[in-house]
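What follows is a single structure, written as structure tokens, with notes after it.
The values are calculated or read from the model by the stated rules, or taken from the named source; none is laboratory data. Being a predicted model, the structure only gives us computed values, none of them experimental. Here the Cβ is made from the backbone with ideal geometry for all residues, glycine too, and neighbour counts use every protein chain on show.
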Amino acid sequence: FSALIAKTHVYHTSLLYIYLSFSLLSSFVVLRTCLSLPFFPFSSLHHPPALSCHPAEGTHTFFMVVGGSTRKRPPQQPSEKEVREGVAPLRQTSISFPVTEKKRKKDSTQAGEKREYHTGGMKSSRTKGPNFSKKLTIKMSGAPTSLPPDYHTKTWAKLKDAVIAVFEEAQDFSNKKEALYKDVEFMCIHRFHEYMLQNLYELMKDFISKEVLQLLNRTNETQAFLSVVDKLQQSHNEKFAFIRSIFLYLDRKKIQENVGYVPIFETALDLFRRRLSQEVAIEKKIGTFVLMSLEAERNGDVVEKSALRNVIRFLSSLKLYETCIEVPYLEHSTTHFKNGSGHKVATMSVSEYLIHVEKVIQEEKHRAEYYLEARSIPAIMQLIYEHFISHHAHTIVGRGFDEFVESDRKDDLRRLFAVLSKTNQTSLLCNHMSQLIKKMGEAVVCDKEKEKEMVPSLLDLKLQFEGIVEQCFDNERVFWDAIRTSFESFVNSRQNKPAELLAKYIDTLLKAGGNKGMTEKEVEAKLDSALVIFKYVRGKDVFEAFYKKDLAKRLLLHKSASFDNEKAMLLKLKEECGGGFTSKLEGMFKDMTLSSDMMNEYKAYTEKLAAASGVTSAEEEAGAAQTALTHANAIDLSVSILTTGFWPPYSAVTLNLPEDLALCQKQFQDFYLQKHNSRKLVWQHSLGHCIVTAHFPKIKGVRELILSLYQSTVLLLFNSSDRHTFKDIVDLTGLDRAEAERTVQSLALGKVKVLKRKSAGEGKSKNISDSDLIIFNSDFTSPQRRIKINAIQIKETKEEAEETTSKVMEDRLHQIDAAVVRIMKARKSMKHQELIGEALVQVRFPAKAGDVKKRIESLIERDYLERDEEDKTLFRYLA
């Protein structure tokens, strides 16, 4: 090595240069080891002071720069001769690696001091420290390497033998795969990749042709044949996967050079597809057997699932899936589903058919996911939905829905909705549900024999369908809207009556004794439900009239179960209809509060009056008056002052009160008129009630009788005599005969008989004649201390209901008049049809165009409006 160094042009002769040379030698040995290159003896130098070595055939040539400068060769392109002879220059590259220097003796250089050494054209620097290292650069020579002329043919022969052996499974090449890979790599490096690729293509083509022809004479048994195809495709994939691993370098090189290059494995599949397409009988046989196996599995037969799936996937990789599998399978499925659904829907019940459809959907989806490509799943599902659902939707809904609802079969309703949802046909179900609600609702509303049960039945109906929507129809908004519109339709199919009965139903809930066995929450829930029905009612004025009348009785007769419930219901009505709707009802509650304050003042007044009467009791002239006043003060009087505009209208009834009661009435009237001398009091005896203390011969102690004012007046007549004719009772009380008859019937013919009737005619008849004798019942007994005798007049009669409805109708006429006048006052002139339409919008009850037209004529007669002389359809407002 020293002699070799001597031949170089030395620019620096220091000991350091010799040291660096030895370091370079050791580094070259390291480089040779790392690159797995054979070590060869050094030959003469081509470019002093460079060092070069010639490796064996097929390896690279390296030279190392150790000093001085060297002339760089520019990269050369191979000539046509070099390419033809297989000799090509290598591009110049460089490899860098570190060289570590052993620890040297102490140097005068301080730790961390950087020193530089110049050796010819190479500059080296180092920093003193424990991990001292240097970096060398080795450049590859651009000189061409000569290969034997037959190198590529010999190498390909070796590769060809290996490929054929893999095809024929003659020898295991797994342990030689690395050497074969290197041969392919070197062939590619020396530009033999096209030569190698063309020969490989011919080998693959021949082998694949033999593979396809193997299937010609195979068995015609479906499962056995598919097993053969499965084994063939597995063998094909395994062999070409191994071949691809050998020629991987070739694949990568071609992909880099040519974007449109098809890799070896995909080329093999393409060759298989082309060859199979040439053998039409084989291709058709594979497709037919696959379809037969799928049909067999659909019918419940046992098939080799793994082999069937592998064959389908192999056909998919060959791009034959659509023609061989998908299109024929969908065509066959169409026929199968069409025939199967028609037979099932004709022979099964709707419930059984829905279960069958669910099963078919589940099985076909699982089958498609297991065997077919993902793109085929929506197509096969669509066929199922079309033939099993869409084509028979009207049949299954028409036959099954009503039955499911009537028998409360929510599972079947859930299935029906789920099935129709898949075809977006829930609107059909919604329309049918709406029709059924209307049909059932109209049957309830129009049943005159069960009017008392109307509102509870409607609430049950609403609750039933709400439960169906919540539990079975996925709470879809369209079904909630269908319930609302259906109820609005049939609730108003019978004019006014639903509103009246709804008011009565609420009265029952709010009245004492009407909600027995229910908690406060249950009562509140029922009131909320009733309010929902109220929203559907268009004739809210009818409801208001009856609700007001019932509220008046609850307040005046102390029948209300809970004052808080009354207030809560009033607030709900206000939220629903506004303050104008409840203003009069609120006034009724205000009157009751003011009446309570008024009675406190009256009691103070009577106490003061009693004290004053004690001072003047010695006066003889006033003796009788004082005695009467004492009796009057002994009566606990309670009077409710009602504002006429807030309360329902009551007709005045003539009643001759007993002397004590008449004195109490006069005493309160004098007291009230002293405070409000501009007001007028009208006594409504029909709403009065009394608690009368009674003594019966056969009962020890007293009994308290809860009576109406009419009953009390009649019963007090028997203090002066124990018997009266009915005609005498009518004359003494001043009641009209019908009212007197109902009152006597409640006292003598009811459950509690404090009077007895002695009739000259048939004793069983409830009708009372003028000559009938009414006698005090001295034999009456009762263990109860307080006895309530129901008054017939408290219960609303049919005539009273008709009177209330008639009053509402009359109020409606006035509301139409007011609406028309308001419109014309603002518009001054308006066409006939426009005026009618505007008036119908403004009134808050269901009016008809004919009603508005009549009111317009009435207003013309009363000079509120006039017709235009030229255009009779034009109306003008008269100020």
Exercise. Name the pairs whose Cβ atoms lie under 6 Å apart, with the first residue in the stretch 823-839 and closer than 18 Å to Gly850 by Cα, the second of a type in the set (S, T, N, Q), and 6 or more positions between them or separate chains?
Worked result: Lys831/Thr873; His832/Thr873
Exercise. Limited to the stretch 686-727, what total is found for residues that are closer than 24 Å to Lys758 by Cα and touching a residue at least 60 places away in the same chain (Cβ under 8 Å)?
Worked result: 10
Seminar exercise, completed: Residues of the stretch 401-426 being surrounded by fewer than 16 Cβ atoms within 10 Å (Cβ to Cβ) and either among the hydrophobic types (A, V, I, L, M, F, W, C) or at positive phi (or both), in sequence order, are Asp408, Asn424
Exercise. Tell me, which helices (runs of 4 or more DSSP H) wholly within the stretch 442-513 include 3 or more residues that are closer than 25 Å to Leu420 by Cβ?
Worked result: 454-472, 477-491
Exercise. Quick check: anything in the stretch 477-487 of a type in the set (Asp, Glu) and touching a residue at least 24 places away in the same chain (Cβ under 8 Å)?
Worked result: no
Seminar exercise, completed: Exception for Gly398 within (1) in contact with a helix residue (DSSP H, G or I) (Cβ under 6 Å, 6 or more places away or on another chain); (2) surrounded by fewer than 18 Cβ atoms within 10 Å (Cβ to Cβ) falls at (1)
Exercise. Mind checking which pairs have a first residue in the stretch 385-402 that is over 16 Å from Thr426 (Cβ atoms) and a second that is among the aromatic types (Phe, Trp, Tyr) and buried (at least 20 other Cβ atoms within 10 Å of the Cβ), Cβ under 6 Å, 6 or more apart or different chains?
Worked result: His387/Phe337
Problem set entry | Filter pass, Asn424 being of a type outside the set (Gly, Ala, Ser), out of contact with any Ser or Thr (no Cβ under 9 Å at 6 or more places or on another chain) and closer than 20 Å to Met381 by Cα | yes
Problem set entry | Subset of the stretch 852-879 that is surrounded by 16 or more Cβ atoms within 10 Å (Cβ to Cβ) and hydroxyl-bearing (Ser, Thr, Tyr) - its residue that is farthest from the chain's Cα centre (by Cα) | Tyr864
Seminar exercise, completed: A careful count of residues in the stretch 349-362 that are surrounded by 15 or more Cβ atoms within 10 Å (Cβ to Cβ) and outside any helix (DSSP H, G or I) gives 0
Problem set entry | Restricting the stretch 234-287 to residues that are exposed (fewer than 14 other Cβ atoms within 10 Å of the Cβ) and of a type in the set (A, V, I, L, M), the residue that is modelled with the highest pLDDT | Ala241
Problem set entry | Residue ID - surrounded by the fewest Cβ atoms within 10 Å (Cβ to Cβ), chosen from residues in the stretch 546-594 that are small (Gly, Ala, Ser) and under 20 Å from Asp528 (Cα atoms) | Gly579
For this session: Pairs only if they're at least six apart or on different chains, beta carbon under 8 angstrom, first in the stretch 625-649 and farther than 19 Å from Ser596 by Cα and surrounded by 13 or more Cβ atoms within 10 Å (Cβ to Cβ), second among the basic types (Lys, Arg) and at pLDDT 55 or above; list them, first residue then second.
Result: Pro648/Lys548; Pro648/Lys549
Problem set entry | Failed condition for Arg538, given (1) without any contact (Cβ under 8 Å) to a residue 60 or more places away in the chain; (2) in contact with a Phe, Trp or Tyr (Cβ under 7 Å, 6 or more places away or on another chain); (3) assigned to a loop (DSSP other than H, G, I, E, B) | (1)
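For (1) at pLDDT 90 or above; (2) closer than 16 Å to Met569 by Cα; (3) basic (Lys, Arg), each residue gets a yes or a no:
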| site | (1), (2), (3) |
| --- | --- |
| Met454 | yes, no, no |
| Leu459 | yes, no, no |
| Phe465 | yes, no, no |
| Ile468 | yes, no, no |
| Asn475 | yes, no, no |
| Asp481 | yes, no, no |
| Phe487 | yes, no, no |
| Ala503 | yes, yes, no |
| Gly517 | no, no, no |
Seminar exercise, completed: Selection from the stretch 184-243 of residues out of contact with any helix residue (DSSP H, G or I) (no Cβ under 8 Å at 6 or more places or on another chain) and not polar (S, T, N, Q) yields Ile189, Glu194, Glu202, Asp206, Lys210, Leu213, Glu221, Ala224, Val228, Lys231, Glu238
Problem set entry | Test for Asp772: is it within 30 Å of Ile706 (Cα to Cα), in contact (Cβ under 8 Å) with a residue 12 or more places away in the chain, among the acidic types (Asp, Glu) and crowded, with 18+ Cβ neighbours inside 10 Å | yes
For this session: Report, ordered by the first and then the second residue, all pairs with beta carbons closer than 7 Å, sequence separation of six or more or different chains, a first member in the stretch 272-288 that is hydroxyl-bearing (Ser, Thr, Tyr), and a second member that is assigned to a helix (DSSP H, G or I).
Result: Ser277/Glu283
Problem set entry | Residues of the stretch 372-408 that turn out to be closer than 30 Å to Lys319 by Cα and not in a helix (DSSP H, G or I), as a count | 4
Exercise. (1) part of a strand (DSSP E or B); (2) in contact with a Ser or Thr (Cβ under 9 Å, 6 or more places away or on another chain); (3) not aromatic (Phe, Trp, Tyr): which one isn't true of Thr743, the others all being true?
Worked result: (1)
